[in-house]
Amino acid sequence: MNDPQRFEYVVRLGDNALVLGQRLGEWIGNGPELEEEMAMGNFALDYIGQARLFLSYAAELEGAGRDEDQLAFLRDQIDFRNVLLLEQPNGDFGQTIARQFFFESYYVLFLEALTASSDKRLAEVAARGLKESAYHLRHATQWMVRLGDGTEESHQRIQQSVDELWRFTGEMFSGDEIDRWAVDNGVGPDPATLRPAWDTRVNEVLQTATLTRPDNDWMHTGGKQGRHTEHLGYLLTEMQFLQRAYPGAAW
Amino acid sequence: MTTTSVSEAQAWSVLNRVADPEIPVLSITDLGIVRWIKRDADELVVGLAPTYTGCPATEVIAANVLTALRRSGYDAVRVETVLSPPWTTDWISDEGREKLHRYGIVPPASGQSKKSLLGGSRDIACPRCDCTSTTRVSEYGSTPCKAAYKCDSCLEPFEYFKCI
């Protein structure tokens, strides 16, 4: 492989989309009401579609004869490069919304920056994905306010989800040598530069939703380097079962 | 018939008759997802823009395009996915908008996509009675591109093609 950093960078993007898409898909058949189940299904589709675009590009860069399905279904947990936030369980509906809100608030900023990428393939996927994430963020924002400023119970539960997930938000803005490579080559933004705009948006919405921003600044990291929480293994077990049990199965 | 005996213009007219699998009243050219048709040596290449990244109809559409063109005598045909610029509802043709309305789906307004994405709204009139007092039941409908509405006057449930 003559461009290993690019491969690594694209796999991270693909794994974020794949893992979040799989999580959102878990709501199908379990949604609190029909339209929300459809919304989650719609979002899951957007992300699985994005994962396919990113991972098929990664497979081309790798040039080892693997395709996007093999990258998705035959890699182990240690080879996954998604941020920890996205592998966290769905929890109740509010916890899924809080995860969506934290991630989409970051992702619209990230994709916007990625549309200016020197890598044309990535810029194209970003332009398409940006429109979708703008919709996702609207949905998550509406629900943050509705739950936070809703009943006593909805307020208490969404606050609990915000508190629970907060420690995974910092990883989205932590850069490493791969991010530095991306900045140096005009491929992607320095994640730290996205932080102020994210803070502004998150603070505004939390305030409107009468929620408290956690003051705990200690953050879990490691997902981007393949060090995951226990939850990813369970997710992969379910997602990969068929291809592991019946290698190469197609229909 | 061989590949060289049919022109690109004829290929367009073939694709004018390929229906969108999820909204069969529209052809894929009405929807604006056929971006271009061009020749690459002996091959005819069709550029298709997906409406949404994960739209499950995308592969069906690509297969239908190949089938329709082969039936019309194009032996060497290939489909390419065009992501940039991203598809927008502004590309739905006027005829397509008219067909959508007659089908009972309120077409997206032109030139509204950016505003709509950022949360702007407009009056959505009921396709049955034209009453503008309507209620959005769900922003997410039976397909990724539609939202569910209800008319406050005649109570007709209907779908609205979202602006993106």
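The values are calculated or read from the model by the stated rules, or taken from the named source; none is laboratory data. Just so it is clear, the structure is predicted and the values come from calculations on it, not from any experiment. Cβ placement follows ideal geometry from the backbone for every residue including glycine, while neighbour counts extend to all protein chains displayed.
Testing A:F102 on (1) surrounded by fewer than 20 Cβ atoms within 10 Å (Cβ to Cβ); (2) under 17 Å from the mean Cα position of the chain (by Cα), one condition comes back false. Which one is that?
Just one mismatch for A:F102, condition (1).
Cβ-Cβ distance below 8 Å, separation of 6 or more or different chains: which pairs start in segment A:75-92 with a residue that is under 13 Å from A:Y234 (Cβ atoms) and in contact (Cβ under 8 Å) with a residue 24 or more places away in the chain and end on one that is of a type in the set (A, V, I, L, M, F, W, C) and not in a helix (DSSP H, G or I)?
Here the result reads A:Q88/A:F168; A:N90/A:W27, each pair linking segment A:75-92 to a residue that is of a type in the set (A, V, I, L, M, F, W, C) and not in a helix (DSSP H, G or I).
Only one of B:V34, B:V14, B:V18, B:V25 is within 12 Å of B:Y74 (Cα to Cα) and surrounded by 13 or more Cβ atoms within 10 Å (Cβ to Cβ). Can you tell me which? Reasoning before the result, please.
On the way: B:V34 fails: within 12 Å of B:Y74 (Cα to Cα); B:V18 fails: within 12 Å of B:Y74 (Cα to Cα); B:V25 fails: within 12 Å of B:Y74 (Cα to Cα).
Every option except B:V14 fails the conditions.
How about segment A:1-53: which of its residues are in a loop (DSSP other than H, G, I, E, B) and in contact with a helix residue (DSSP H, G or I) (Cβ under 8 Å, 6 or more places away or on another chain)?
From segment A:1-53, those in a loop (DSSP other than H, G, I, E, B) are A:1-3, A:26-33; that's our starting set.
A:M1, A:D3, A:W27, A:I28, A:G29, A:N30, A:G31, A:P32 - these are the residues of segment A:1-53 that are in a loop (DSSP other than H, G, I, E, B) and in contact with a helix residue (DSSP H, G or I) (Cβ under 8 Å, 6 or more places away or on another chain).
What number of residues within segment A:105-122 are surrounded by 19 or more Cβ atoms within 10 Å (Cβ to Cβ) and within 12 Å of chain B (Cβ to nearest Cβ)? Break it down stepwise before answering.
First, pick out the residues of segment A:105-122 that are surrounded by 19 or more Cβ atoms within 10 Å (Cβ to Cβ): A:105-111, A:114, A:117, A:119, A:122.
Of the ones still in play, those that are also within 12 Å of chain B (Cβ to nearest Cβ) are A:108, A:111, A:117, A:122.
Adding up the residues that qualify gives 4.
With the requirement that a residue be farther than 13 Å from A:Y9 by Cα and surrounded by 24 or more Cβ atoms within 10 Å (Cβ to Cβ), what does segment A:52-70 give you?
Passing the criteria: only A:L53.
In segment B:78-94, which residues are within 16 Å of B:E59 (Cβ to Cβ) and more than 12 Å from every other protein chain (Cβ to nearest Cβ)?
Matches in segment B:78-94: B:R78, B:V79, B:E80.
For the subset of segment B:44-77 comprising residues that are of a type in the set (S, T, Y) and in contact with an Asp or Glu (Cβ under 7 Å, 6 or more places away or on another chain), which member is nearest to the other protein chains (Cβ to nearest Cβ)? Can you show your working first?
Going through segment B:44-77, the residues of a type in the set (S, T, Y) turn out to be B:51-53, B:58, B:67, B:72, B:74.
The next check asks that each one be in contact with an Asp or Glu (Cβ under 7 Å, 6 or more places away or on another chain); those that pass are B:52-53.
Working: B:Y52: 6, B:T53: 4 Å.
Out of the qualifying residues, it is B:T53.
Out of segment B:122-164, which residues are more than 14 Å from chain A (Cβ to nearest Cβ) and among the hydroxyl-bearing types (S, T, Y)?
Matches in segment B:122-164: B:T132, B:S133, B:T134, B:S153.
Going residue by residue through segment A:129-146, is there one that turns out to be among the aliphatic types (A, V, I, L, M), within 14 Å of chain B (Cβ to nearest Cβ) and either farther than 21 Å from A:Q95 by Cβ or touching a Gly at 6+ places or on another chain (Cβ under 6 Å) (or both)?
Restricting attention to segment A:129-146, the residues satisfying the condition of being among the aliphatic types (A, V, I, L, M) are A:130, A:134, A:137, A:140, A:144-145.
Remaining after also requiring within 14 Å of chain B (Cβ to nearest Cβ): A:130, A:134, A:137, A:140, A:145.
Applying the additional criterion that residues be either farther than 21 Å from A:Q95 by Cβ or touching a Gly at 6+ places or on another chain (Cβ under 6 Å) (or both) yields A:130, A:134.
Yes, because at least one residue in segment A:129-146 is among the aliphatic types (A, V, I, L, M), within 14 Å of chain B (Cβ to nearest Cβ) and either farther than 21 Å from A:Q95 by Cβ or touching a Gly at 6+ places or on another chain (Cβ under 6 Å) (or both).
For segment B:55-77, which positions are under 12 Å from B:A11 (Cβ atoms) and among the β-branched types (V, I, T)?
Scanning segment B:55-77 gives B:V65, B:V77.
Suppose the filter is surrounded by 13 or more Cβ atoms within 10 Å (Cβ to Cβ), under 23 Å from the mean Cα position of the chain (by Cα) and within 16 Å of A:H139 (Cβ to Cβ); does B:P127 pass it?
Working: surrounded by 13 or more Cβ atoms within 10 Å (Cβ to Cβ): yes; under 23 Å from the mean Cα position of the chain (by Cα): yes; within 16 Å of A:H139 (Cβ to Cβ): no.
For B:P127, the condition - surrounded by 13 or more Cβ atoms within 10 Å (Cβ to Cβ), under 23 Å from the mean Cα position of the chain (by Cα) and within 16 Å of A:H139 (Cβ to Cβ) - is not met.
List the number of the failed condition for A:L85; all other conditions in (1) surrounded by fewer than 24 Cβ atoms within 10 Å (Cβ to Cβ); (2) modelled with pLDDT of 95 or more hold.
Here A:L85 meets the rest and fails (1).
Find all pairs meeting these conditions: Cβ atoms under 8 angstrom apart; at least six residues apart or on different chains; first residue within segment A:227-238 and assigned to a loop (DSSP other than H, G, I, E, B); second residue of a type in the set (D, E) and modelled with pLDDT of 95 or more.
Short answer, once both residue conditions are applied: A:H228/A:E87; A:T229/A:E87.
Return yes or no: is A:G49 within 20 Å of B:T81 (Cβ to Cβ), modelled with pLDDT under 95 and of a type in the set (G, A, S)? Give the steps one after another, and end with the answer.
Numbers: within 20 Å of B:T81 (Cβ to Cβ): yes; modelled with pLDDT under 95: yes; of a type in the set (G, A, S): yes.
Yes, satisfied.
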